[in-house]
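> Can you read through this structure? Questions will come right after.
The values are calculated or read from the model by the stated rules, or taken from the named source; none is laboratory data. Predicted model, so just to flag it, every value in this text is computed and none were measured. Here the Cβ is made from the backbone with ideal geometry for all residues, glycine too, and neighbour counts use every protein chain on show. Accessible surface areas use protein heavy atoms only, side chains included; no ligands, DNA or RNA. Shrake-Rupley method; radii C 1.70, N 1.55, O 1.52, S 1.80 Å.
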Amino acid sequence: MTLTQTQAPQAGATQGRAPGQPRRALLICNAKARNGGVDLDEIRAVLRAGGIEPVEPPPGDCKALITAHAGSVDRVILGGGDGTMNAAAEALVETGLPLGILPLGTANDLARSLGIPLDPVAAARLITTAEARPADLGWVNGHYYFNVASIGFSAELAGELTAESKKTWGVLGYAVAAVRVLRRVRPFTVTIEHDGQTERVTTIQASVGNGRHYGGGMTVEEGAAVDDGKLDFYSLEVAHWWRLLALLPALRRGTQGRARDVRAFKTTEIRITTRKRRPVNTDGELTTYTPAHFKVVPKVIRIFAPGPDARPGPRDGLLPL
């Protein structure tokens, strides 16, 4: 499969289901997610009332489970946070199965970007009625991502955060870890290649967004969408770490691109190199290193979600401080 193509769903339960037979959904919930201990009985009842029979395998690798059950289900329902969705992305692309999201994580950035209810029961109800809508994925060095990939401060923050701190402190855990990382963050030089241009800049963070929200309350760009066929880039070229505090309101709203010390643009492909190898954070997980080659993969996945008109506006969907 090339990066600009989508795969048709595999032959299986979708094509072979008799009229009136319940739809079958592979239901996988990450018990380690912040709200992974949610009682699933009500969710199962909502799904069955909506004509969907959940298929629940024993715990295992998310990608392997999706691949193994692809021929016997017609959708995948994942309960977890953005890391859970990220882990499943490749298998969802390969199988062509549409995704239903039960937001059980700390920030649930993808769900907020799409306007999916953050209450798991309401989200389950939506899966029974909503259309599976095409969405883009970001891609970097062979890894798919839904929300944002970052080099620099956010990558160090992802390395600092632990599952235990997120489960204990929730979104506040991001702030606690950020204060620790700020003490040691230092500017570094990156070379950016995009749209026939090459730029060499000094930054503390370079981010490439596919969706809108990320990082437990940040917004990559106020008008960004997961299905606009674009990547939203920004670079924080600040002289002192305390300047980040002044930029925080803009970073939450997605208006940081208006600041004099922030470089921002839209593109479809970008290459970033650094003098020494630096980790790349994709949806909160450290998955690859620079040099980093980014692309947008348009409409390669389908997600049960409200229509674009029902999504949050630029200032909606923000988590409280």
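> With the checklist (1) at pLDDT 95 or above; (2) of a type in the set (Ser, Thr, Tyr); (3) within 21 Å of residue 288 (Cβ to Cβ); (4) open to solvent by 10 Å² or more (accessible area, probe 1.4 Å) in hand, flag the one item residue 214 doesn't pass.
(1)
> I'm trying to understand the selection: among the residues of segment 75-96, which are under 24 Å from residue 38 (Cβ atoms), open to solvent by less than 10 Å² (accessible area, probe 1.4 Å) and not small (Gly, Ala, Ser)?
Result: 76, 77, 78, 85, 92.
> Also: In segment 35-74, how many residues are outside any strand (DSSP E or B), open to solvent by less than 40 Å² (accessible area, probe 1.4 Å), among the aliphatic types (A, V, I, L, M) and in contact with a Pro (Cβ under 9 Å, 6 or more places away or on another chain)?
Number of matching residues: 5.
> Taking segment 113-132 only, how many residues are under 18 Å from residue 213 (Cβ atoms) and buried (at least 24 other Cβ atoms within 10 Å of the Cβ)?
Total satisfying the criteria: 4.
Here is a yes/no grid of residues against (1) of a type in the set (Gly, Ala, Ser); (2) out of contact with any Gly (no Cβ under 9 Å at 6 or more places or on another chain); (3) part of a strand (DSSP E or B); (4) touching a residue at least 40 places away in the same chain (Cβ under 8 Å):
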| position | (1), (2), (3), (4) |
| --- | --- |
| 216 | yes, no, no, yes |
| 226 | no, no, no, yes |
| 234 | no, no, yes, no |
| 240 | no, yes, no, no |
| 248 | no, yes, no, no |
| 252 | no, no, no, yes |
| 257 | yes, yes, no, no |
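Residue-wise test of (1) within 21 Å of the chain's Cα centre (by Cα); (2) at pLDDT 95 or above.
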| residue | (1), (2) |
| --- | --- |
| 251 | yes, no |
| 260 | no, no |
| 263 | no, yes |
| 270 | yes, yes |
| 274 | no, yes |
| 283 | yes, no |
| 287 | yes, no |
| 292 | yes, yes |
